[in-house]
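The values are calculated or read from the model by the stated rules, or taken from the named source; none is laboratory data. Computed from a predicted structure; not experimentally measured. Don't worry about glycine lacking a Cβ; one is built from the backbone with ideal geometry, like all the others, and counts go over all protein chains shown.
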Amino acid sequence: MIRWGILSTAKIAREHLVPAIQAARNGNIQAVASRSQESADAFAKSFGIPIAYGSYDELLSSDEVDAIYIPLPTSQHVEWTIKALSAGKHVLCEKPISLHAKEIDAIIEARDKSGCIVAEAFMVTYHPQWLKVKELLASGAIGTLRHIQGVFTYYNVDPNNMRNQVSLGGGGLPDIGVYPTVTARFATGKDPVRARASIVRDPDFGTDIYANCQYDFGSFDMTFYCATQLANRQSMVFHGDDGAIEVVAPFNAQLYEAVDVILHSRSHQEAEVWKFRGVNQYQLQVEAFGDRIEGKDVPLFTLESSKINQASIDALYAADLSDGWAPV
């Protein structure tokens, strides 16, 4: 059993990763750390976690922990991922693992020096619905892929939320724009070569609240938009000359009843549906990570892929400033 430590008491840890680790076949939570002992104690008590530390450094130096999950604000991901690796801990870090692609080089160096396992927490790449989409595309189920269309939006105007704070790495593209990007790359096995975007920022927060984006993958195109101040919506569609694949709940699968992958015929008169119910993509991610620590040959989302994903987001920001295409 992999002994996990949780670095902070963030909401995503409470709602998703702690339950996922506790349900995993190969892991348990041994410790949690917060910036205050009181906060750590309360979190540990609520989840039955044996050890609570009043500082992050105490957790990293603990002999009771094998792996660290980092759900800190985005602006702190690089720093604490490197610190954890330097302490000899395996690391699963929340996305995005950095705010700039070039920063990931330092994490790769720390990984190689430590010999530890480290991955960005793109849970979607472990969900069987995305494995199915990848399989359908590879088999030619929709013929020649020409276009991908995506959307991911929610509504959040809380000034105290980290997603609305520039200093903490907030904004729509870092928070959710990464998902249409990563799933398109994962499903097709291709990477964008250039990007363009039109971005709207909140006048008070300074964060990007709406981004209308386009990628050129060479042999096909992708358009998507993401927003932090629009009604909730998410979808991904892969459109070919012989059919289309629709992913109904592509990102937050557990929050939607219809977790379906639909293969539409060319005429759109026929459809084949694959339903995925009761699948916890966070648990699958944790179990795969644990398997990799134990030496099993299972796929993980690599830092090299993380760098390409972040470079794609970087290109969208650059394109908005240049009012044209930007290379990835």
**Prompt:** For L321, which of the numbered conditions (1) crowded, with 17+ Cβ neighbours inside 10 Å; (2) part of a helix (DSSP H, G or I) fails to hold?
**Reply:** (1)
**Fill in**
Residue count, the range 258-305, condition within 26 Å of A23 (Cα to Cα), surrounded by fewer than 16 Cβ atoms within 10 Å (Cβ to Cβ) and touching an Asp or Glu at 6+ places or on another chain (Cβ under 6 Å), comes to 2
**Asked** Can you name every residue in the range 1-17 that is of a type outside the set (K, R) and in a helix (DSSP H, G or I)?
**Response** I12, A13, E15, H16, L17
**Fill in**
Note on the range 219-236: residues surrounded by fewer than 18 Cβ atoms within 10 Å (Cβ to Cβ) and under 18 Å from Q254 (Cα atoms) are N232, R233, S235
**Item:** Meets criteria (in contact with a Leu (Cβ under 7 Å, 6 or more places away or on another chain) and modelled with pLDDT of 95 or more) for A288
**Value:** yes
**Request:** Could you give me the residue pairs with C-beta distances under 6 Å whose first residue belongs to the range 120-136 and is farther than 20 Å from L263 by Cβ, whose second residue is of a type in the set (V, I, T) wherever it lies, and which are 6+ apart or on separate chains?
**Result:** E120/I97; F122/V182
**Message:** Based on this model, can you work out whether A13 counts as surrounded by 21 or more Cβ atoms within 10 Å (Cβ to Cβ), over 20 Å from N161 (Cβ atoms) and among the small types (G, A, S)?
**Reply:** no
**Asked** Does A288 fit the bill of being under 14 Å from V124 (Cα atoms) and either of a type in the set (F, W, Y) or in contact (Cβ under 8 Å) with a residue 40 or more places away in the chain (or both)?
**Response** yes
**Asked** Do any residues in the range 268-279 that are under 12 Å from A244 (Cβ atoms) have Cβ atoms under 8 Å from those of residues that are surrounded by 13 or more Cβ atoms within 10 Å (Cβ to Cβ), where the two are at least six apart or on different chains, and which pairs are they?
**Response** H268/A244; E270/H264; A271/I262; A271/L263; A271/H264; A271/S265; E272/I262; E272/L263
**Complete:** Within the range 100-116, residues among the aliphatic types (A, V, I, L, M) and surrounded by 18 or more Cβ atoms within 10 Å (Cβ to Cβ) come out as A101, I104, I107, A110
**Request:** Would you please list the contacts, defined by Cβ atoms under 9 Å and residues six or more apart or on different chains, that run from a residue in the range 90-104 that is under 15 Å from F301 (Cα atoms) to a residue that is modelled with pLDDT under 95 and part of a loop (DSSP other than H, G, I, E, B)?
**Result:** E94/A10
